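Trainee: This is the structure I want to talk about, given as structure tokens.
Taken together, the values in this text are just the output of simple stated rules run on the coordinates, not laboratory data. Quantities reported herein were computed from a predicted structural model and do not represent experimental measurements. Cβ placement follows ideal geometry from the backbone for every residue including glycine, while neighbour counts extend to all protein chains displayed.
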Amino acid sequence: MLVDEGLFNSRDPHFERKRRRPRFQLAEYSVADALRHLGHDVFGVPAKAEIAPTLERLTSHRPDFVFNLVEHVDGMREYDALFVQILGLLAIPYSGASPDALQLARNKHLAKLAVAKAGIDVPHGVLLDRRAPLRTPGLTFPAIVKPLYGDGSDGVTSKSLVRDRAALLPQVARLQGHGPILFEEYIEGREIILTMSGTKNITVDSICELVFPPRAAVKFATFKAKFDRQYRRRFGIFYRTPTRLDPSTHARVVSAGKIAYRALRIDAYAKLEFRVDGDRAVFLEANPNSQLSRFANSTDFVSIGYEKFVRKILRMAMERGRY
């Protein structure tokens, strides 16, 4: 099991201890537990920037397959496809998305261009060049300012919604250390999250809504809104999982999800986020190899069956000819 370096504990290399519940809520513990229930031996390997020793440690276990849970390498999200490419070259079977899908989805601007070309609505966006003077003519407010590369609303705060140049400038300064910056049209509406999977036969396995009540300080998915339980409780924000949409909205969102999934060349499993406003389903982003914790708020694993979903991920790798 290939994991982010920061989540690897040398005192618990196989992700077996369950005494500390918050750590057990990590996807690594959930996946390791499910794999053992499915009859597999599990060995954890941290994905370090020093590639040679990482590969030596990984290959020393002579794995039947590698369950890939890497989200970044040395803190850089855009490099999460690196080890997948190497595993492919070494003909070591791995779970999850292909390098092409990971690289395309991680670039939020390029992903939207691909989805728009397939006929799905996306927010209008432009890349801001931090090396050049900021020119606002042609930029439409209100807008969201966020890192080009990222996952799970990385770098998105309540102040990321800007309504004029005066609000934009400090956000550009704040994101200087996050790489390229995306300036993107703000879309009103409901925040709908699809958990999807499949290679040829694509399925929508779960539909969730991140609900923002009137008293909420924000009405869009910031990092805190997604991952800070106390913050959500304070403002009444909650995940409605599962969410049942009316038939016409359901059909529209599912159709848009499947088209976007194919446009992004996703070939395993992912979460796709949309804003739904009236007759519009607007694609916001896709996260291949998405959160796999058994306790994930945005996926209805109770109905899906967690071990069943992990087994499907492994089967998809086999169907794609990686074994």
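Trainee: Can you work out ³J(HN,Hα) from phi for every residue in region 239-248, in order, using Karplus 6.51 cos²θ - 1.76 cosθ + 1.60 and θ = phi - 60°, giving whole Hz and x for Gly and Pro?
Mentor: 8, 9, 10, x, 10, 9, 8, 5, x, 5
Trainee: Would you compute, from DSSP H runs of 4+ residues alone, the mean residue ellipticity of the chain at 222 nm, taking -39500 (n - 2.57) per run and dividing by the full residue count, rounded to the nearest 500?
Mentor: Estimated from H runs of four or more residues: -9500 deg cm²/dmol.
Trainee: Where nothing but the Cβ of Lys and Arg (+1) and of Asp and Glu (-1) is charged, how large is the charge dipole of the chain around its Cα centre, in debye to the nearest 20?
Mentor: Values: 50 positive and 36 negative charges, 161 e Å.
Around 780 debye, computed over the chain.
Trainee: What size of dipole, in debye to the nearest 20, comes out for region 125-185 about its Cα centre when the only charges are +1 on Lys and Arg C-beta atoms and -1 on Asp and Glu C-beta atoms?
Mentor: I would put it at about 280 debye.
Trainee: Further question: Along the positive direction of the dipole of region 37-156 (beta-carbon charges: Lys, Arg +1; Asp, Glu -1; about the Cα centre), which of Gln85, Val70, Ile144 reaches farthest?
Mentor: Towards the positive end, the residue furthest out is Ile144.
Trainee: Related question: Please arrange Lys112, Lys308, Lys271 by counting, for each residue, the other beta carbons lying within 10 Å of its beta carbon, fewest first.
Mentor: So the ranking, lowest neighbour count to highest, is Lys308, Lys271, Lys112.
Trainee: Among the listed pairs Lys108/Lys219; Lys159/Lys258; Lys48/Lys271; Lys48/Lys258; Lys200/Lys224; Lys108/Lys224, which are separated by more than 30 Å between their Cα atoms? Intermediate results must be reported in sequence, preceding the final value.
Mentor: Working: Lys108/Lys219 20 Å; Lys159/Lys258 32 Å; Lys48/Lys271 25 Å; Lys48/Lys258 34 Å; Lys200/Lys224 35 Å; Lys108/Lys224 20 Å.
The answer is Lys159/Lys258; Lys48/Lys258; Lys200/Lys224.
Trainee: Which loop GluC sites (Glu not before Pro) in region 1-104, with loop taken from DSSP, have no more than 13 other Cβ atoms within 10 angstrom of their Cβ?
Mentor: Here the GluC sites (Glu not before Pro) that fit, given the DSSP loop and packing criteria, are Glu16, Glu50.
Trainee: Based on C-alpha coordinates, I'd like the Rg and Dmax of the chain, in Å.
Mentor: According to the Cα coordinates of the chain, Rg and Dmax are 19.7, 60 Å.
Trainee: Which FRET efficiency value, to the nearest 0.05, do you get for Arg280 and Leu38 by plugging their Cβ-Cβ distance into 1/(1 + (r/R0)^6) with R0 = 51 Å?
Mentor: 0.80
Trainee: What length, rounded to one decimal in nm, is gained on full extension from Leu90 through to Lys159, with 0.36 nm per residue of separation minus their alpha-carbon distance?
Mentor: Details: separation 69, 0.36 × 69 = 24.84 nm, distance 4.46 nm.
20.4 nm is the gain from fully extending Leu90 to Lys159.
Trainee: Right, something else. Would you please name the trypsin sites (Lys or Arg not before Pro) within region 192-262 that are DSSP coil residues with at most 12 other C-beta atoms within 10 Å of their C-beta?
Mentor: Lys200, Arg215, Arg244
Trainee: Taking the Cβ-Cβ separation of Arg57 and Ser248 as r and a Förster radius of 56 Å, what is the calculated FRET efficiency to the nearest 0.05?
Mentor: Efficiency at R0 = 56 Å is approximately 0.60.
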